[in-house]
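Comments concern the structure below.
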Amino acid sequence: MFYHVKDLQFNARVSRPDPRFARILLEAFGGANGELTSAMQYFVQAFSCHNPFPDKYDMLMDIATEELAHLEIVGATIQMLLGPVNGEMKDAAETMDIRKLMDGKSAKEEFIQQAFTNPQCVVVAPGSPMLTDSNGNPWCGSFVSANAELTVDLQSNMANECRAKIGYENLLKFTEDPSVRETLIFLMTREVTHFQQFEAALNTIQPNFPPAVLQTSPKYSNLYFNLSKGEEFRGPWNEGQSSRLKEEWQYIDNSLEEVRKTNGLVDRKPEGTERTEKQVAQMDKQLSDEPSNEVLSATPEKELMWCDYQKSEKGSKK
Ligand SMILES: [Fe+2]
C-alpha cells in the first residue's frame, strides 16, 4: 500500500526560472536513466523475491519508493524552473508579458526563441514536466531491467545507479543556480548510496558469481581471443588470474587456428583452471535445487496470500 505525504524528501528550491535547464532536467524525470526508470525497476524486481527473500523485498521496496520521492523532487524542480510559463500560456487572449520569466530581457523575442529550442516545456506541455526525455521521447517500460534473479538484478541496479550518478554529474555542468545545484548534489549522492546498498545485498548471497545458477564451462571461461590486429595490449583482463573464478587467462593470439584445431572449441580441454566439468555439473545440481526448494517451501500450496496483517501490525523485523 502506498500513501503520499505532501512534503518533499529534500527541500528543493530554485533561485530563478530557467526553462532551458528545465528541459534538460527532463532526462532525470522521463529519460532512460531517470528516476522513474529506477523506481519501476526496483519495484518490479521486488515481486519475485517476496518469497523467500523478504529482506531483499524490503530493501527493494524502500529504495523504489525513495526513487519515486526523487521523481517528485525532479518534477517539482522542473515546475519551479518553468516559473510563470504555464500561467502565461493560459492567458491566450493577452499579449504575453513574460519579463519576469526572462529576467527583463526582450521578453517576446526571447520567448519565441525558447519555443524553438525548448518545445517540450514551452509548447508541448507548457510549464509542466512530462514523462519524456529532454528531446520528447516518451518514457518506455523497456528501460526497466528485471530478471527475477537477485544476483542479476542487483548487478543491473549497481550499473543503473552509476548511470544515474553520471547523469546528475553532467546536469551540474549546465546550471549555476546554487539552490538547484544543492538538489542535484543530493540526488547524485543518493545514487552512490544506493549503489553501495545493492552491492552489500549482493554480497550477502554466496556464491553470487557467475550470476544466476549455472556455473559455466571451464573449457571457455578463461579464454581471451585476440581478435583485433594492430597494437596489442596486455592487462589483468587477459593475463594473470581472472577476477572472480581465479583462473589463469589463456591468451589466444591466433584465434582462427585455435578454432580450427579444436573442432570449433568443442574438443578443447580446460587449461589454467582447477574447475572441472564434473565439479561444475555437481555444483549446477546443488545450486539449482537450493533456490528452487527455497521458493517452493516458502510458497503455500493453496490459499496464497501476500500479506500477514497481524505480523505487519507488530512490525516484525528479521
Ligand atoms: Fe537511486
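None of the figures in this text is laboratory data; all of them are computed from the coordinates on show. The structure displayed is predicted, hence computed values, not measured ones. Cβ: placed from backbone, ideal geometry, glycine included. Neighbour counts: every protein chain shown.
Build a GNM of the chain with springs between Cα atoms under 10 Å apart, and of 71, 223, 287 the one that fluctuates most is 223. Pick from 239, 277, 182 the residue whose mean-square fluctuation is largest in a GNM of the chain, springs joining Cα atoms under 10 Å. Looking only at 239, 277, 182, the largest GNM fluctuation is found for 239.
Taking every alpha-carbon pair under 8 Å whose residues sit at least 6 apart, segment 132-267 reaches a relative contact order of 19 percent.
The convex hull defined by the C-alpha atoms of the chain has an orientation-averaged projected area of 24.4 nm².
What pairs from 6/311; 165/219; 246/269; 285/311; 246/285 go past 26 Å between their alpha carbons?
On the way: 6/311 28 Å; 165/219 38 Å; 246/269 18 Å; 285/311 35 Å; 246/285 22 Å.
Flagged as over cut-off: 6/311; 165/219; 285/311.
Once the other residues with Cβ under 15 Å from the Cβ of residue 72 are scored (Lys, Arg +1; Asp, Glu -1), what is the net sum?
Values: positive: 6, 13, 190; negative: 7, 35, 66, 67.
Charge balance near residue 72 sits at -1.
Residues of segment 141-169 with an amide N closer than 16 Å to a point placed 7 Å from the Cα of residue 243 along the Cα-to-Cβ direction: 152, 154-163. Placing pseudo-labels 7 Å out from each Cα toward the beta carbon at residue 1 and residue 179 gives an inter-label distance of 3.6 nm. For residue 287, the shell of other residues with beta-carbons less than 13 Å away shows a net charge of -4, using +1 for Lys and Arg and -1 for Asp and Glu.
Taking 0.36 nm per residue of separation and subtracting the Cα-Cα distance, full extension of the segment from residue 65 to residue 251 would add 62.3 nm. Pairs of Cα atoms nearer than 8 Å and 6+ residues apart set the relative contact order; for segment 124-210 it is 32 percent. Our estimate of slack between residue 196 and residue 58, defined as 0.36 nm per intervening residue step minus the Cα-Cα distance, is 48.1 nm. Computing FRET efficiency as 1/(1 + (r/R0)^6) for residue 217 and residue 296, where r is the C-beta to C-beta distance and R0 is 25 Å, gives about 0.35. If R0 equals 30 Å, the separation of the Cβ atoms of residue 163 and residue 314 corresponds to a calculated FRET efficiency of about 0.15.
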